[in-house]
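What follows is one structure encoded as structure tokens, with my remarks underneath.
The values are calculated or read from the model by the stated rules, or taken from the named source; none is laboratory data. Predicted model only: the values in this text are computed from it and were never measured. With ligands, DNA and RNA removed, areas are computed over all heavy atoms of the protein, side chains included. Shrake-Rupley method; radii C 1.70, N 1.55, O 1.52, S 1.80 Å.
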Amino acid sequence: MDDDKLYPIGDVARRTGLSVSAVRFYSDAGIIAPTGHTGAGYRLYDVHAIARLELVRTLRELDASLDDIRRLVAGETTLRDLATAHLALVERQARGLRARRAVLRTIVRQHTEAEQVSLMHKLVSMSDDDRDRLVDEFWNEVGDGLDVHPAFVERLRAMRPRLPDEPTTGQLEAWIELADLMRDDGFRRSVRDHLRDTYSNDQGRLMTSPRMLDSIDERAAIMEEAQAARLAGVPVDSPRARDIAGRFLASTAEAVGQHDLAELRPRLAANLLVAKELHHTALAEDEDRFTGTHGRYLSLVATINGTAGDDGVPVPYEWLAAALEASGG
């Protein structure tokens, strides 16, 4: 287009995709004034005015308000500032839509009574502080009377949901289910009963003592290193394997108060092989109860936190047992 040429309103409408009435409206609203007029008083626009009208059309399609557009055209704000402010608004609206979609999908997926709809909407609209209070109330009741060291309950309490600022629909749906479960007296009792039966005994109290938990954390890191070595094909009689086995032996010895490493080494190697069988047996026997109680809590937390599918590092029982035996030679 010629920079010096003036175009009648009909041409302007065709070039911008606006209606003639819309071009007139933006002129009358003081947003984009015509460049000039014909002798008969008809409006004329140059290429710069047409470009601004095209921008106005784009911004209106992005739901920018007339006041914001007027401020932009008047030079009271920049396009970047306008876009930044509008982006924040759109993102808030998007979060609201995701929350509504999660509620609606939950209603469609399951039989939902009318009075539950309001509750579900409140659950997805909770603030971070509200969510923390609900989790604290849940663990206060679940941990009450649990005959284990308080540090273990705090450890359980620390595994809590952290809904991200931009949650997916799946994360919101998981939060709806988890929040509903944590408010349910029956679920609280079932989790407390499962934890009590599992840990409120001599063996359980030993396993949940601070000293043993710290040792478990240390050995978990060694287990991760051992698993990586096994997957990399590191020989069990190599210097690296001996180093890993030695640190695992020392950590275990400290945890159980055993100072004779030479005597402990073959027992620990044998116990690893026994533990492999016991682990699979225990999982099979306790799977249903765990899955429906504490396991369900952990599964939903993992979905909410975006860590679902991360089942931890498998224990390389056989490789580590062989490395222990080789290190004693």
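Quick one: with all protein chains in place, what share of the accessible area of the stretch 117-264 is carbon or sulfur, to the nearest percent (1.4 Å probe)? Before the final figure, lay out each step's value.
Details: 3830 of 7680 Å².
It is 50 percent, rounded to a whole number.
Quote the relative contact order of the stretch 1-87 in percent (integer), defining contacts as alpha-carbon pairs under 8 Å separated by 6+ residues.
About 28 percent, as a whole number.
So what is the relative contact order for the stretch 5-53, in percent, with contacts set as C-alpha pairs under 8 Å and at least six apart? Let's see the in-between values first.
Details: 56 pairs, mean separation 21.7, N = 49.
The normalised contact order for the stretch 5-53 reaches 44 percent.
Taking θ = phi - 60°, what integer Hz values does the Karplus form 6.51 cos²θ - 1.76 cosθ + 1.60 yield along the stretch 66-76, in sequence order, with x for Gly and Pro?
3J(HN,Hα) across the stretch 66-76, in whole Hz: 5, 4, 5, 5, 4, 5, 5, 5, 7, x, 7.
Any chance you could check the Cα centroid distance between the stretch 146-212 and the stretch 213-256 for me, in angstrom?
Cα centroid of the stretch 146-212 versus Cα centroid of the stretch 213-256: 28 Å apart.
Whenever you get a sec, line up Ser19, Ser238 from highest to lowest accessible area (probe 1.4 Å, protein heavy atoms). Intermediate values should be presented prior to the final figure.
Numbers: Ser19 55, Ser238 20 Å².
Ranked list, largest accessible area first: Ser19, Ser238.
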